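The values are calculated or read from the model by the stated rules, or taken from the named source; none is laboratory data. Small disclaimer: the values here were computed from a predicted structure and weren't measured. Backbone-built Cβ (ideal geometry, glycine too); neighbour counts: all protein chains shown. Ligands, DNA and RNA are stripped out before the accessible areas are found, and what is left, the full protein with its side chains, is counted by its heavy atoms. Shrake-Rupley method; radii C 1.70, N 1.55, O 1.52, S 1.80 Å.
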Amino acid sequence: MEPEGIAEGQASSMVQSAASKLSQMGERTKQLGIIQNPERQKRVILVIVCTALLLDNMLYMVIVPIIPDYLEGLQKAADQAQAALPHTNSTNSTIHKVEKGNFDVQIGVLFASKAILQLLVNPISGTFIDRVGYDIPLFIGLNVMFLSTLIFAFADNYATLFLARSMQGLGSAFADTSGIALIADRYTEETERSKALGIALAFISFGSLVAPPFGGILYEFAGKRVPFLILACICLADGVLCLTVLKPFSNKERENMPVGTPMYKLMIDPYIAVVAGALTICNIPLAFLEPTIANWMEENMHSTQWEIGMTWFPAFFPHVLGVYLTVKLAAKYPHLQWFYGAIGMVFIGASSCTVPACKNFGQLMIPLCGICFGIAFVDTALLPTLGFLVDVRHVSVYGSVYAIADISYCVAYALGPVAAGKIVHDLGFVQLNLGMGLANVLYAPALLLLKNVSQMRPSFSERNMLLEDGPTGLYDTIKMEQREKKRKGLCTTIDENGIETFAQRSFSEEESSGGEYA
């Protein structure tokens, strides 16, 4: 019996040690959640969102040096296999020649499929984000991006690559929109919001510009799968961090989440429409030059593949400089956000017009850097403005408004790979650049409509007119009572069933929407 007692004692001690280790792990998990410290939590959330945006844009651009060469290799293998077959008839060879002639079209459709699906899904994802909050859509988007990256790694035909590219668009519609909206929701003070969104834009730029050399080098020396597997591992780590920190499936805050303004009502807001138009037009030069500039450089500059691969990389530095300058200027002169956007559009227009005049690689760097510098000004000035407009004119729920911003980008990047080549073929590369430059310069004065946005306040806004729900005497009385309770740390809300609820708040809507614009 003694050995049995010793064994039981050892087993119980092992159980106790295992339980203590589990409890220590639980404590560490709670510490990692950083629930106790909102400032540290905001920083970790910013890291999660920036990593998601970096991954999305790296996956968007990493295929540029990989997929055309890979598909060409598949086509050559198909040619050899077909040549090896006996009794090849003329019909089959004719079909194959047609397919070979459509190779560029297939590449363009593959590249554009991501933006097209993202464009179609964004209205749904924006409404979904407004209903369930920001954390679940972000987690869903990261999971879909992880799956699409794995499919890219193991795809061995055009149909599978097309599926992976389209899945990336689906994941981006959820991850990008919810990530930017989450930043706007957590960083309520305008200076902090501009800085956080500026950091996110810098990661977007870095991902887009570093991905082609990253993918090209790894593809050359390690094969097609390696760059995609590396991105999949980073995406998996970011998803685990999101699950640990944000706890998307145990968050109780969404139960008290206000109902956001429907997307169609946001779209008819003239101020939001002006911002969305600016975001589309300022990104058209980048979206249209990416698929066309390589052929133009080969024909007119006789550029090497190394120069073509490094075309956009130097533009990362002026883009970051533009983000930094806009954030600093917005902190000092917040009422001039519209002016920074207009300056950016003029920069883009002038730089786009000078691209065809360049005679060598060194000269070409100057207008391309100017385009990215101007885009940084426009994006960094106008993305926080969208959040501010929602704060003062609508309900402070940001899913739909940043879905509109994402739609604006997707319009440019969906048209680029499909339409740019045809425009160059029919009209010429010079006319394409002059048209894009002129469009940016002519649109810049439209941003004057945003001149008085900084003077808006929720109580003097057009929110009620836009929502077709005019204020009444009872409405004003309730709002005054709410403000008094907010000063004491309580927020009163009326849910859809007409039941009055109280929630602890650390700031008021008026305080969060005013910020540095006061």
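Solvent exposure of TYR264, expressed as accessible area, is near 140 Å², computed with a probe of 1.4 Å over the protein chains only.
Of GLY207, CYS233, ILE217, which is farthest on the positive side of the dipole of the range 187-239, counting Cα position, with +1 on Lys and Arg Cβ, -1 on Asp and Glu Cβ, and the Cα centre as origin? With unit charges placed on the Cβ atoms, the residue in question is ILE217. Here the accessible area of the range 415-459 is 69 percent carbon and sulfur, with a 1.4 angstrom probe and all protein chains present. Checking the Cα-Cα distances for LYS332/LYS451; LYS114/LYS422; LYS114/LYS195; LYS265/LYS451; LYS42/LYS332; LYS265/LYS422 against a 25 Å cut-off, the pairs over it are LYS114/LYS195; LYS265/LYS422. LYS359 contributes about 150 Å² of solvent-accessible surface, heavy atoms of the protein only, 1.4 Å probe. In the complete set of protein chains, residue-level accessible area for ASP185 is approximately 50 Å², probe 1.4 angstrom. Using C-alpha pairs under 8 Å with a sequence gap of at least 6, the mean separation divided by the residue count of the range 310-432 gives a relative contact order of 29 percent.
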